[in-house]
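Chemist: Structure in structure tokens, see below.
Any read-out appearing in this document is the output of simple, stated calculations on the displayed coordinates, not a laboratory observation. None of the values given here were measured: they were computed from a predicted structure. Quick reminder, even Gly has a Cβ in these numbers, built from the backbone with ideal geometry, and neighbours come from all protein chains shown.
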Amino acid sequence: MDARLTMRIYAPSGVRQIGPLRASIERHDDSDGAGNDRGCPPMTTPLWAGNWRAAVVAIHEKVLKKWRPWSDEDRRFLALALAGEVGELANLVKKDWRGDAGNRGKLIREELADVRIYLELLAIAHDVDLDEACLAKVYELQRRWPEAAGVADRALREEEGQ
Ligand SMILES: [Mg+2]
């Protein structure tokens, strides 16, 4: 693993992002299934289950070396990769709109996932917590549109079961 590149991806508050990744790796290292001396339980669930962000960060680190030297500029590389995936998605939507033969539901689902994954990696590279950023945006939208006053608060309270 390239420490310099890793620092660029995670630093500084990205440590929050790497926490679940480390936890998952510790679980994975528990190859005999008996738990380990750090208190990790025996692995009973598939690796990365429920933690797709940590998984894609780990995969990104592994495969990134293939694309050097371009990938050394991680932010630019990720921005271009994101644009590429948005293009793939738009092309599928275009074909659907045009009425080309074939059911593109599965392909569109896959491209949407590609877009979200690269967006998340780009956010991490810029030290942005995308969940926090989206939440801030929701409140900004609520302020901007008077007819939506209180809507976000109610939706978030309902989501949290309050
Ligand atoms: Mg794609």
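Chemist: Sorted from fewest to most neighbouring beta carbons within 10 Å, what does the list LYS65, LYS106 look like?
Modeler: By the 10 Å Cβ count, ascending: LYS106, LYS65.
Chemist: If the cut-off is a Cα-Cα distance under 24 Å, which lysines reach LYS106, setting aside same-chain residues fewer than 8 apart in sequence?
Modeler: Those lysines meeting the cut-off are LYS94, LYS95.
Chemist: Among GLU160, GLU132, rank each residue by its count of other Cβ atoms within 10 Å, from fewest to most, as a rough exposure measure.
Modeler: Going from least to most buried by this count: GLU160, GLU132.
Chemist: How large is ³J(HN,Hα), in whole Hz, for each residue of the stretch 135-149 in order, when computed from phi with the Karplus curve 6.51 cos²θ - 1.76 cosθ + 1.60 and θ = phi - 60°, using x for Gly and Pro?
Modeler: Values per residue, Gly and Pro as x: 5, 4, 5, 4, 5, 5, 4, 5, 5, 6, 10, x, 5, 9, 4 Hz.
Chemist: Could I ask something else about it? First measure r as the distance between the Cβ atoms of ASP153 and HIS126, then evaluate 1/(1 + (r/R0)^6) with R0 = 30 Å and state the FRET efficiency to the nearest 0.05.
Modeler: The pair ASP153/HIS126 has a calculated efficiency of 0.60.
Chemist: What's the exposure ranking of ILE124, ILE108, ILE117, ILE59, going from fewest to most Cβ atoms within 10 Å?
Modeler: ILE59, ILE108, ILE117, ILE124
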